[in-house]
1. Dipole magnitude of the chain about its Cα centre, charges +1 at Lys/Arg Cβ and -1 at Asp/Glu Cβ only, in debye to the nearest 20?
2. Could you sort Glu216, Glu465 by their accessible area in this structure, using a 1.4 Å probe and putting the largest first?
3. Leu318 accessible area, nearest 10 Å², 1.4 Å probe?
4. Say the cut-off is 18 Å between C-alpha atoms; which of Lys108/Lys326; Lys293/Lys363; Lys189/Lys308 go over it?
5. So which trypsin sites (Lys or Arg not before Pro) in the range 115-172 pass both tests, a DSSP loop state and at most 14 other Cβ atoms within 10 Å of the Cβ?
6. Return the Rg/Rh value of the range 177-275, two decimal places, where both radii are evaluated on C-alpha atoms and Rh is the Kirkwood radius.
7. Return one whole number: the accessible area per residue of the range 186-258 in Å², for a 1.4 Å probe.
8. With bins 5 Å wide starting at 0, give me the P(r) of the range 243-390 over every alpha carbon pair, in whole percents.
Amino acid sequence: MNNLKNIPQVDEVLNQEPVQILTARYNRNYIVLRVRSIIDRLRQELRFDKTPLERADILAMILQQLDQEIIKDQQGSIRRVVNGTGVVLHTNLGRAPLGGRALDYAAKMAGRYNNLEMDLEKGQRGSRYGHVEKLLCRLTGAEAALVVNNNAAAVLLGLTTLAQGREVIVARGQLIEIGGAFRIPEVMKLSGARLVEVGTTNRTYLSDYAAAVSQETALLFTAHSSNYKIVGFVKEVTLPELVQLGAERNIPVMQDLGSGSLCDLSAWGLDEEPTVQACVQAGADIISFSGDKLLGGPQAGILVGKRKWIEAMKQNQLLRALRVDKLTIAALEGTIREYYSGNALENVPILRMIGYSPDDLKKRAEDLARKIRDAAGKNPKLSEVKTCSVQDMIGGGSYPIHKIAGAAVEMSFSGISVESVAVGLRLLDPAILARRQEDHLIISVRTLFDDDIDIISNHLQMILES
Ligand SMILES: *Cc1c(COP(=O)(O)O)cnc(C)c1O
């Protein structure tokens, strides 16, 4: 009972000098709430505690907990993560990290006013969609372009605008689910278009499409099966074939390209992903793709294609609900300018990561291993550190079965479980995500930024010494 009596009142805590500094610096109500909840919690904890505590000790405990809670609150919920998984486009880790120019544009527009919807030459209202349209057209060869919230939104807008209340022909092998609840048949339903399935799971012929065309057909739709691959006895209709059929029957062709690369990545053995330019050239009427997959920009859905259809989408009321924010437009412009007049392979982070040579990676792994050894010193908990070869992945639904040779640092521990090291690394700020393999922890270096190396060695040191 003594302990409970010794717990100070809220006001008494608030009158302490360190707490007064905190109330001046932060929101007073916030500090009051925090102090109250710490006191409540202490009351519960000390109720059955027989060890006698002085009032001053309890006060010190409260102040210490208050400090810790404030530090934790300041970290925020969305937090930087060091990606040691070797998955370049990790959907759970925010997909593509932005390059310098994208960050610069976004930061400049974020904290000040800007010409988002102002034509500065005419001094009149302008359109937010104009900022990146010309650049996208130049890069892809398309007549017109439009940017929305994400590729799911782009597909929905395309289907709603072109095919609401009418039929859309899709091959059965392309009725895909992307994950995160994006399923082509469901999006089709939502758009009010009627799905007409043709072919079989593994084989679809042009004649299947041709036989399904009717007065009701509004669109021929093709989706790039980006996150899985059917191998073996397979037949898919090519885009040029579909375009030819569309031209003969006067029906537009829409392609959901998914990743949408603007670069030919075949030099790196990645030739299964057609470029946007190639699809424009092949004559697709509308092509949609993500801004934050192989393009390496912010989350966005990009539509390029024939002016007539893009204009129709711009007139659709639904666009208002799918529209992009100024930060997205700024970051997207910063990204695609790298493709247009900069050096995308070097300055778009995900392209730089995909393009590392085996030698680059080996050097980075050796560097990381050395830093970790130095930081750990002779700590016996770290029993082994060595470099090893790993299989990295592009991720983000691109190249589902394509592994790229990577390099990593492999660590073994003694007197501390791999699991507890992994959890410890995840809970620090920045969090560090590594791969676990049996009783080793593996950090792939492809997906690390230069400044991640010190973070990893420092955090490991902290965990090993705790
Ligand atoms: C990723 C993907 C989508 C969804 O794109 P988001 O930008 O994540 O909305 C749709 N279709 C395909 C083929 C995809 O690969």
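1. Working: 55 positive and 55 negative charges, 162 e Å.
For the chain, the charge dipole is close to 780 debye.
2. Details: Glu216 75, Glu465 125 Å².
Highest to lowest solvent-accessible surface, that is Glu465, Glu216.
3. 50 Å²
4. Over 18 Å apart, Cα to Cα: Lys293/Lys363; Lys189/Lys308.
5. Sites meeting the loop and neighbour criteria: Lys122.
6. On the Cα set of the range 177-275, Rg over Rh gives 0.97.
7. Working: 3580 Å² over 73 residues.
Accessible area per residue, the range 186-258: 49 Å².
8. Spelled out per bin, shortest first, that is 2, 8, 13, 15, 15, 11, 10, 8, 6, 5, 4, 3, 2, 1, 0.
The values are calculated or read from the model by the stated rules, or taken from the named source; none is laboratory data. All values reported here derive from a predicted model rather than from experimental measurement. Cβ coordinates were reconstructed from backbone atoms using ideal geometry, including for glycine residues, and neighbour counts include every protein chain displayed. Note: areas computed on protein heavy atoms with side chains; ligands, DNA, RNA excluded. Shrake-Rupley method; radii C 1.70, N 1.55, O 1.52, S 1.80 Å.
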